[in-house]
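Here the structure is laid out as structure tokens; the discussion comes afterwards.
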Amino acid sequence: MDLTSYAELAVLLVNRGDELRGLTELRELLEEAGRGEAAARITRRDLDALRELREELAGVFNAAAEGNEDDVVERLNGLLVRHPVHPQISGHEGQRWHMHLTEGGRVADALAVGSVMGLASVITGLGVDRLGICQAAPCRNVYLDTSSNRSRRYCSERCASRANVAAYRARKRGA
């Protein structure tokens, strides 16, 4: 089971959480994340729960950016206790049998379990330093660094290009 896609859901929730003003925005986010079945079942209660989860996940990324591994692990362990993992075998949309995490219950519960378990998998498999906050000012989006050489510093190519252009222009002014 590749839990990276679940961790990417956590990134999406943190980065787009401010935009979750209503069910329409949450449905769009879930569709973008490839979770159309969840998008069709969300309720206002799910929206409220995911807004709260977003803040907790942001705290995980902030602790990682500060290099505080113990705090990252403590936060994730707390979330794992609150959102226990319930794996299920699933075969939908013509796919082969594969594992999912918590498909029953509220949509927010399933998304929380997946996000938290995905982040836990990333830090135990790759390290806490693989969770980052974009270094392009003023962006504060988060990202997962799954590169082989641990070199990622920006949330997107757009931010990387913007930062590189700004550095180039600053060098030109200084020359």
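The values are calculated or read from the model by the stated rules, or taken from the named source; none is laboratory data. Everything quoted here is computed from the prediction, not taken from an experiment. Note: ideal-geometry Cβ built from the backbone for every residue, glycine included; neighbour counts use all protein chains shown. The accessibility values were calculated without ligands, DNA or RNA, using every heavy atom of the protein model including side chains. Shrake-Rupley method; radii C 1.70, N 1.55, O 1.52, S 1.80 Å.
Lys and Arg at +1, Asp and Glu at -1: add these up for the other residues within a Cβ distance under 12 Å of Ala163 and post the number. Display every interim value, and only then the final one.
Numbers: positive: Arg153, Arg158, Arg162, Arg169; negative: Glu157.
That works out to +3.
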Residue-by-residue Karplus 3J(HN,Hα) for the stretch 9-25, coefficients 6.51, -1.76, 1.60, Hz, glycine and proline x: 5, 4, 4, 4, 5, 5, 6, 10, x, 5, 8, 7, 7, x, 5, 4, 5
Tyr168-Leu23 FRET efficiency (beta carbon distance; Förster radius 41 Å; 0.05 resolution): 0.40
Select from Ala170, Ala136, Ala33 the residue farthest towards the positive end of the dipole of the chain; place +1 on Cβ of Lys and Arg, -1 on Cβ of Asp and Glu, and compute about the Cα centre. Ala170
Work out from phi, with θ = phi - 60° and the Karplus expression 6.51 cos²θ - 1.76 cosθ + 1.60, the ³J(HN,Hα) of each residue of the stretch 141-158, listed in order in whole Hz, and give x for Gly and Pro. 5, 9, 7, 9, 9, 9, 5, 6, 10, 6, 10, 5, 10, 10, 6, 7, 4, 4
Rounded to the nearest whole Å², what accessible area per residue is found for the stretch 5-66 with the 1.4 Å probe? 48 Å²
In percent, how large is the relative contact order of the chain, given Cα pairs closer than 8 Å and 6 or more residues apart? 25 percent
Determine the sum of side-chain charges near Ser147: Lys and Arg each +1, Asp and Glu each -1, restricted to other residues whose C-beta is under 11 angstrom from that of Ser147. +3
Of the heavy-atom accessible surface of the stretch 41-163 (probe 1.4 angstrom), what whole percent is carbon and sulfur? 49 percent
In the chain, which longest range has no trypsin sites (Lys or Arg not before Pro) that are both DSSP loop (not H, G, I, E or B) and surrounded by at most 13 other Cβ atoms within 10 Å? 22-95
Which net charge results for the neighbourhood of Asn77, defined as the other residues with beta-carbon distances under 13 angstrom from its beta-carbon, given Lys and Arg at +1 and Asp and Glu at -1? -3
The stretch 27-41 versus the stretch 106-135: alpha-carbon centroid distance in Å: 18 Å
Hz values of 3J(HN,Hα) by residue in the stretch 108-120 - Karplus curve (6.51, -1.76, 1.60), Gly and Pro given as x: 4, 4, 4, 5, 5, 4, x, 4, 5, 5, x, 5, 4
